[in-house]
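A.B. asks: One structure, pasted below without further comment.
Each reported figure results from applying straightforward, stated rules to the coordinates on display, with no laboratory input. None of the values given here were measured: they were computed from a predicted structure. With ideal geometry, Cβ positions are generated from the backbone for all residues, glycine too; neighbour counts draw on all protein chains shown.
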Amino acid sequence: MTSIASPRVGFVGLGKMGTPMCRRLKAAGFEVAAYARNDAGAAKAEALGVPAIRSLAELAEARDVIVSAILNDAALLDIVGGANGLGAHMRAGSVLIETSTVSPDASAAAGAALAAAEVSYLRSPVSGSTATAEAGALTVLVSGPQAAYEAMIPVYAAFSKKQYRVGEAEQARFLKLALNAMVGATAAIVGEALTLARAGGVDLAAALEVINNSAVASPLIGYKTAMMTAGNYAPAFEVAGMMKDFDLALGVGRSAHLPLPLIAQVRQQYEAAYAAGAGDEDFFVLVRQAARLAGFK
């Protein structure tokens, strides 16, 4: 594990979440460079004011800490594995902070490759929206070596408000899937509840105001209220992304023989939204879907 007080940071994954996280790391004073697979990635790095490095091997060899925010299991295994991956080129004692939502199985496979290279692996999925990431106020769930976690707290503090270490191995992956199942299910139940209220003549905005000042109020419903009131489901997190996360949870359920009937049912509601052409809209589009099924606009 690195003992450098101000580590040189490499960033992999300049997507919707990764870009503001990388920006926050640079603003916190870390020496940051970003992996750029192509010209578009290099342009994103340039816009952030950080060097673009075209080779994962070069990035790994030049940095004490790598932070990754990638799309899925395949992307994680791609950046870690193989002759040109992080596992083959990160130095012994360096740290990988992996912030994506991926399956425990893929994460464990990445962990095995990194352990062989004596790299400290911190599974660190983040909870929050793109707006939360921009504000540096994400919540991070961490599992991995205690000493590495403690050494990396200044790095986490650059892009998150709260950090919770929950174990040594894949616990953070399981907990993130549990959280996302609850987040996704919230959209479904809110959609049906609002439809029920509207059937009785309650104004949508009035119903949401009461919900937000009741026992069922939540930060999630609060920051989705404007979206629901306006009926504008421009994505903070897309239906397609939520489908992926539900599939990961159901995959864990199949492997461990866990009955997850509610998660399976809500997954089908997202399938219906996707089939109706809403795959690229925000997952709270289930509110609109419930209303339309009942004959409301």
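A.B. asks: In a Gaussian network model over the chain where Cα atoms closer than 10 Å are linked, find which of Val102, Val210, Val239 has the largest mean-square fluctuation.
C.D. replies: Taking springs between Cα atoms under 10 Å, the residue moving most is Val210.
A.B. asks: In region 165-226, with Lys and Arg counted as +1 and Asp and Glu as -1 at Cβ, which of these residues, Met182, Val210, Thr195, has the Cα nearest the positive end of the dipole, that is, farthest along it?
C.D. replies: Going by the Cα projections, it comes out as Met182.
A.B. asks: Now a separate question. If I take the Cα coordinates of region 164-225 and project them onto the principal axes, what are the three extents in Å, biggest first?
C.D. replies: 52, 19, 16
A.B. asks: Student exercise: in the chain, how many lysine pairs 8 or more apart or on different chains have Cα atoms under 16 Å apart?
C.D. replies: Counting lysine pairs in the chain gives 4.
A.B. asks: Also: Considering every pair of different Cα atoms, what Kirkwood radius, in Å, is found for region 175-293?
C.D. replies: On the way: mean 1/r = 0.0683 Å⁻¹.
Roughly 14.6 Å, rounded to one decimal.
A.B. asks: If you don't mind, there's one more thing I want to ask. Collect residues whose amide H, placed 1.01 Å from N in the peptide plane, falls under 5 Å from the amide H of Ile53; neighbours closer than 5 in sequence don't count.
C.D. replies: Hits under the 5 Å cutoff: Ala34, Tyr35, Ala36.
A.B. asks: Report the local net charge at Leu25: Lys and Arg +1, Asp and Glu -1, summed over other residues whose C-beta lies under 12 Å from its C-beta.
C.D. replies: Here the charged neighbours net out to +4.
A.B. asks: Please label the shape of region 1-101 as rounded, prolate or oblate, based on the square roots a ≥ b ≥ c of the eigenvalues of the alpha-carbon gyration tensor (a/c under 1.5 means rounded; beyond that, a/b larger than b/c means prolate, else oblate).
C.D. replies: On the way: a/c = 1.43, a/b = 1.06, b/c = 1.36.
Judged from the Cα gyration tensor, region 1-101 comes out rounded (a/c under 1.5).
A.B. asks: Let me ask another. Order these by the 10 Å Cβ neighbour count, fewest first: His257, His89.
C.D. replies: Ascending number of Cβ neighbours within 10 Å: His257, His89.
A.B. asks: Count the net charge of all other residues whose Cβ sits under 11 Å from the Cβ of Asp282, scoring Lys and Arg as +1 and Asp and Glu as -1.
C.D. replies: Cβ neighbours under 11 Å give a net charge of -1.
A.B. asks: What ratio of Cα Rg to 2.2 N^0.38 Å holds for region 9-169? Don't skip to the end; give the middle numbers.
C.D. replies: On the way: Rg = 14.0 Å, N = 161, 2.2 N^0.38 = 15.2 Å.
This ratio for region 9-169 stands at 0.92.
A.B. asks: How charged is the neighbourhood of Ala88? Take every other residue with its Cβ under 13 Å from the Cβ of Ala88, and add Lys/Arg as +1 and Asp/Glu as -1.
C.D. replies: In short, -3.
A.B. asks: What helices does the chain hold that run 27 Å or longer along their axis, going by alpha-carbon atoms, with a Kyte-Doolittle average of -1.0 or more, using DSSP H for the helix calls?
C.D. replies: Passing helices, by number: 171-199.
A.B. asks: Give the peptides 193-206, 159-172 in descending order of average Cβ contacts within 10 Å, highest first.
C.D. replies: With the highest mean Cβ count within 10 Å placed first, the list reads 159-172, 193-206.
A.B. asks: Pick out, from Met228, Ala83, Gln146, the residue whose Cα sits farthest towards the positive end of the charge dipole of the chain, with +1 on the Cβ of Lys and Arg and -1 on the Cβ of Asp and Glu.
C.D. replies: Checked the options; the winner is Met228.
A.B. asks: Sticking with this structure for a sec: What spacing in nm lies between the two simple spin-label points modelled at Ala40 and Tyr164, each 7 Å away from Cα in the Cβ direction?
C.D. replies: 3.5
A.B. asks: What ranking, highest mean first, results for peptides 92-99, 79-86, 34-41 when packing means the other Cβ atoms within 10 Å averaged over each residue?
C.D. replies: Taking the mean over residues of other Cβ atoms within 10 Å, the ranking is 92-99, 79-86, 34-41.
A.B. asks: Fewest to most neighbouring Cβ within 10 Å: what's the order for Lys244, Lys176?
C.D. replies: Ordered by Cβ neighbours within 10 Å, fewest first: Lys244, Lys176.
A.B. asks: Here's something else I'd like to know. With r defined as the distance between the Cβ atoms of Ala47 and Met182 and R0 fixed at 51 Å, what FRET efficiency is calculated, to the nearest 0.05?
C.D. replies: 0.90
A.B. asks: Right, here's the next one. Using the crude model of +1 on Lys and Arg Cβ and -1 on Asp and Glu Cβ, and no other charge, please compute the dipole size for the chain relative to its Cα centre, in debye to 20. Walk me through the intermediate numbers first.
C.D. replies: On the way: 24 positive and 25 negative charges, 79 e Å.
Dipole size: approximately 380 debye.
A.B. asks: While we're looking at this one, here's another question. Give the distance, in whole Å, between the Cα centre of region 96-135 and the Cα centre of region 235-284.
C.D. replies: Going from one Cα centre to the other spans 21 Å.
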